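Only the coordinates and a few stated rules stand behind these numbers; no lab work does. These figures come from a predicted structure and were not determined experimentally. Note that we place each Cβ from the backbone using ideal geometry, even for glycine, and neighbour counts take in every protein chain shown.
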Amino acid sequence: MSGSTFGVLFRVTNFGESHGPAVGCVIDGCPPGMALAEADIQPELDRRRPGTSRHVTQRNEPDAVEIVSGVYEGLTTGTPICLLIRNQDARSKDYANLLDTFRPGHADYAYWRKYGVRDPRGGGRSSARLTAPMVAAGAVARKWLRERHGTTFTGWMSALGEIEIPFEGTEHIAHNPFFAANASLIERLEAHMDTLRRAGDSCGARIEVQARQVPAGLGEPLFDKLDADIAYAMMGINAVKAVEIGSGFGAVRERGSEHGDELTPAGFASNHAGGTLGGISTGQDLVVRIAVKPTSSIRLPRRSIDRAGRATVVQTLGRHDPCVGIRATPVAEAMLALVVMDHALRHRAQCGDVALPLPPIPGAAPGT
């Protein structure tokens with residue numbers, strides 16, 4: 001299967017299936033000499049892993065990462081880093097009824113039409129389980145970027161279904177199961193999820209992720225624009241159906257006198273562009289939002305067909321997220337980190353000797 005490798009200089013090849021022995025990735029291009037251990041990666045996997053609250057799938061995976069290669073005496077060697085995450089709580093019998101049928105809204109039908117064969121267990125290769133290796137690879141990128149440039153990544157849920165979640169502060173994100181930057185709406189969000197779970201239905205979500213202290217100059221002017229690669233990465237996340245950068249679709253309502261971010265000696269006056277101009281980073285915060293569709297695997301009976309084209313009804317059993325967007329925040333952070341990491345190495349390769357006579361203009365304040 002092609003399409004399993006992401007990046008140019010920092011290349012991540014993803015492997016495995018939802019109910020196979022393991023999932024994992026191989027990172028090629030990580031600079032040598034960086035201290036790296038499982039403890040640097042595991043906290044990010046713990047944020048993403050299933051079974052952490054009653055609002056997500058109860059598949060109980062420890063998601064313990066193993067560094068198989070590319071590290072010697074605690075330092076990266078510059079050779080491929082293999083990260084392995086063993087599957088320990090797969091329940092394949094839950095998917096026996098899907099061998100000859102297709103879940104509406106799921107990749108089942110498209111996979112069968114493309115390959116003529118598919119692994120129905122947990123969605124096989126199309127499962128959101130395959131985001132775990134990308135979160136692991138993202139943790140490696142995040143460490144290098146933080147140590148080299150001071151770059152940090154923060155994401156939060158800004159809408160759950162029809163419920164808008166006002167931003168109250170990043171300090172709240174780690175203290176609720178929704179990754180919400182909010183403390184006042186948590187009971188309402190929990191009640192909404194309980195209602196969906198009892199009904200056997202699902203909902204979507206909107207996630208916002210920001211990168212701060214991003215070096216200016218990342219990205220290319222035409223086909224390898226930084227924002228284009230960010231959109232490509234975000235659309236590669238399971239269930240993502242839309243991506244906004246900066247003002248996004250809100251730019252339709254803005255005028256040029258408002259949308260164009262004015263420059264002053266003290267910095268940019270606003271950040272409607274979301275941290276990129278002409279496909280190149282400005283040094284401002286990168287601001288990205290993604291829309292995650294409702295989970296396709298639901299308990300409610302849905303019309304479908306079997307492999308012979310006959311009408312049937314599909315009811316998905318097993319353990320599933322009523323809102324896959326709840327665990328999408330660490331994934332979006334990781335994918336943004338992978339894009340920034342790759343472009344940082346590409347910029348260093350071509351423009352590492354560029355020196356300007358003036359200091360860079362400071363970025364706008366976060367959220368402006």
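In a GNM of the chain with a 10 Å cut-off on Cα contacts, which of LEU83, LEU263, LEU338 has the highest mean-square fluctuation?
Per the Cα network of the chain with a 10 Å cutoff, LEU263 tops the list.
Pairs of lysines 8 or more apart, or on different chains, with alpha carbons under 28 Å: count those in the range 92-351, would you? Before the final figure, lay out each step's value.
Working: LYS93/LYS114; LYS93/LYS293; LYS114/LYS241; LYS114/LYS293; LYS143/LYS225; LYS225/LYS241; LYS225/LYS293; LYS241/LYS293.
Lysine pair count for the range 92-351: 8.
If the elastic network links every pair of Cα atoms under 10 Å, which of VAL68, VAL314, VAL354 fluctuates the most in the Gaussian network model of the chain?
VAL354
Taking 0.36 nm per residue of sequence separation and subtracting the Cα-Cα distance, how much length would be gained by fully extending the chain between ASP100 and GLU66, in nm to one decimal?
Values: separation 34, 0.36 × 34 = 12.24 nm, distance 3.56 nm.
In short, 8.7 nm is gained.
Pulled fully out, how much extra length does the chain show between GLN350 and TYR232, if you take 0.36 nm times their separation in residues and subtract their Cα-Cα distance?
Numbers: separation 118, 0.36 × 118 = 42.48 nm, distance 2.25 nm.
Residue separation times 0.36 nm, minus the Cα-Cα distance, leaves 40.2 nm.
Order of 189-196, 19-26 by packing, highest average Cβ count within 10 Å first? Please list the in-between numbers first.
Values: 189-196: 17.0, 19-26: 19.6.
Highest mean packing first, the order is 19-26, 189-196.
In what order do ARG253, ARG86 fall by count of nearby beta-carbon atoms within 10 Å, going from fewest to most?
With the fewest neighbours first, ARG253, ARG86 line up as ARG253, ARG86.
Could you check the spin-label model distance between LEU317 and ILE186? Points 7 Å from the Cα along Cα→Cβ, value in nm.
Each label point is offset 7 Å from its Cα along the Cβ direction, giving 3.5 nm.
Once each part is reduced to its C-alpha centroid, what is the distance from the range 193-266 to the range 21-40 in angstrom?
Measuring centre to centre over Cα atoms gives 27 Å.
How far is it, in nm, from the label point at GLU38 to the one at ASP201 when both lie 7 Å from their Cα along the line to the Cβ?
4.3
What is the spread of the Cα atoms of the range 92-351 along each of their three principal axes, largest first, in whole Å?
Reported extents, whole Å, longest axis first: 66, 44, 37.
Counting only residues 5 or more places away or on other chains, whose amide H sits under 5 Å from the amide H of GLY267 once H atoms are built in the peptide plane?
Correct list: empty.
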